[in-house]
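Values in this text are rule-based calculations from the coordinates and carry no lab data. Given the structure is predicted, the values throughout are model-derived calculations rather than measurements. All Cβ positions, even for glycine, are placed from backbone atoms using ideal geometry, and neighbour counts span all protein chains on display.
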Amino acid sequence: MADRKPFVGGNWKMNTNRSSASDLCRGVADALLRVDTADIAVFPPFPYLLLVRSILRDRGSSIRLGAQDVYSRPDGAYTGEVSVEMLKDCGVEVVICGHSERRHVLGEKDDLVNQKLRAVLEGGLWGILCVGERLEEREAGHTDVVVQRQMKNGLTDIAGQHLARLIVAYEPVWAIGTGKNATPQDVVEVHTKIRGLLTGLFGAENAARVRIIYGGSVKPDNAGPLFAPPEVDGGLIGGASLVAGDFAAVVRATTRKH
Ligand code: PGA
């Protein structure tokens with residue numbers, strides 16, 4: 001099996017302000033200064049990207065700067081949108097595409113998610129493709145169909161050469177921000193299917209490079225069992241990423257994988 005370094009991302013969503021974003025960034029950078037067993041990224045709101053970048057640099061932190069979203073076009077009359085080049089200009093290295101809140105609150109469809117992911121990967125950045133079923137879909141036994149559709153559509157026309165920079169985040173919608181999380185067995189089952197889909201689409205060698213991470217109410221007290229299986233390459237963390245000590249504890253839960 002390929003030796004995949006764990007990845008843990010802290011998605012701050014639409015939280016923090018200038019002052020609390022600075023405090024949070026300092027706290028996270030200091031708490032994780034000597035941790036190099038995982039790739040770590042924080043995803044502040046757009047207005048605080050440069051602020052967070054400068055704090056990470058000042059602290060000598062290896063934490064990567066991430067963006068919560070992007071638009072697929074390079075420039076032009078797209079009011080309110082932000083391009084890959086703009087993000088790169090601000091020091092962003094990794095971008096979330098198709099988070100469930102963008103799909104289900106903002107109405108993003110698979111084809112837009114695909115355009116964004118293509119722009120991110122073709123632009124040389126790491127891209128996180130988020131997939132996951134809603135509660136009614138899980139209860140109706142449709143988890144596999146939904147995840148398969150989001151994967152296939154999300155990865156249309158992605159070149160195999162870009163796969164080393166692709167991360168897939170399995171985030172069951174019913175587990176996000178709800179305090180309910182999937183069991184490690186649930187997660188392993190879906191991750192195994194995702195790995196199989198990637199293998200079918202891109203071949204075993206390319207597929208083995210992709211990190212598949214879990215998101216949905218990961219906290220310091222459940223991160224250990226969730227990250228322990230070899231099928232789980234880390235996590236995407238919402239609520240717990242807003243408390244520096246909690247985020248650091250979640251990141252440390254991946255270290256036993258090495
Ligand atoms: P949560 O969010 O950890 O607050 O459930 C996860 C996510 O949305 O990525």
(request) Enter the per residue convex hull volume of segment 150-204, computed from alpha-carbon coordinates, in Å³ rounded to the nearest integer. (result) 92
(request) Evaluate the Kirkwood expression for the hydrodynamic radius of segment 33-136, namely the inverse of the mean inverse distance over all pairs of different C-alpha atoms, and round to one decimal in Å. (result) 14.5
(message) Using the Kirkwood radius over C-alpha pairs as Rh, can you work out the diffusion coefficient of segment 97-213 via Stokes-Einstein at 37 °C, viscosity 0.692 mPa s, in µm² per second?
(response) 230
(message) Taking 0.36 nm per residue of sequence separation and subtracting the Cα-Cα distance, how much length would be gained by fully extending the chain between residue 222 and residue 20, in nm to one decimal?
(response) 70.1 nm
(message) Using the Kirkwood formula on the Cα atoms of segment 76-163, what hydrodynamic radius do you get, in angstrom to one decimal?
(response) 14.0
(request) Using only Cα positions of segment 86-131, each an equal point scatterer, no hydration layer, compute I(q)/I(0) via Debye at q = 0.13 Å⁻¹ and quote the log10 values to two decimals. (result) -0.27
(request) For every helix of n ≥ 4 consecutive DSSP H residues, a contribution of -39,500 (n - 2.57) applies; sum these over the chain, divide by its total residues, and give [θ] at 222 nm rounded to the nearest 500 deg cm²/dmol. (result) -12000 deg cm²/dmol
(request) Using the Kirkwood radius over Cα pairs, work out the Stokes-Einstein diffusion coefficient for the chain at 37 °C and 0.692 mPa s, in µm²/s as a whole number. (result) 181
(message) So, R0 is 30 Å and r is the distance between the beta-carbons of residue 152 and residue 79; what FRET efficiency does that work out to, to 0.05?
(response) 0.45
(message) From the P(r) of segment 107-148, could you give the percentage of C-alpha pairs in the tail past 11 Å?
(response) 68
(message) List the aspartates and glutamates whose Cα sits under 12 Å from the Cα of residue 193, skipping any in the same chain fewer than 8 residues away.
(response) 144, 231
(request) Note down the nm distance, to one decimal, between modelled labels 7 Å out along Cα→Cβ at residue 159 and at residue 185. (result) 4.4
